[in-house]
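Nothing in this text is a laboratory measurement; each read-out follows from the coordinates by a stated rule. Just so it is clear, the model here is predicted, and its values are computed rather than measured. Here the Cβ is made from the backbone with ideal geometry for all residues, glycine too, and neighbour counts use every protein chain on show.
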């Protein structure tokens, strides 16, 4: 006969779907909203909410000259008109290559093809969870949602121009829909997960 899992799924699919009522009032009624845990990452290496607040209060500037290591030094290329038109300044994230893939059950091959935004989202979300004092055990199997605001998809161009373009993880590594499902997968969340294109927010 068919394996038990297949029989179980088949029986659920053949059952009529019950009516679903959200039971959500038309407008919010009372109740307070709180942020129990926060995390952030900012160019220049600032990675604490207090540090970001201090930077903003002091009119800090995280824009710097582009590091020399990012420029091509080959004289035959430097004379190229497109390089001469490039900007000299940018805001650069630090340590994006430092990702604990094993902690998030991501294989080294998948991590190599993953958009740095997705890696940073996993780490920052977990930091916020840790700061909230909510444990992974409490969340396992809970109806907890994950809603991600995400926009730029530059990683697609980067990966297309590299040997990683042939990786089976190239598509998922730059997909915004996959980004929203990464933390729910790691934490065993059973609620909705959705990515929203925030454009330039």
Peptides ranked, highest mean first, by Cβ atoms within 10 Å: ranges 159-171, 58-70: 159-171, 58-70
Solvent-free Debye scattering, log10 I(q)/I(0), computed from the Cα coordinates of the stretch 100-201 at q = 0.12, 0.21, 0.25 Å⁻¹: -0.41, -1.13, -1.40
Residue-span extension gain [residue 161 to residue 137] - 0.36 nm each, minus C-alpha spacing: 4.6 nm
Relative contact order [Cα under 8 Å, 6+ residues apart], the stretch 100-201, whole percent: 41
Order of 147, 99 - criterion: other Cβ atoms within 10 Å of each residue's Cβ, fewest first: 147, 99
Relative packing of 46-53, 112-119, which averages over residues the other C-beta atoms within 10 Å, highest first: 112-119, 46-53
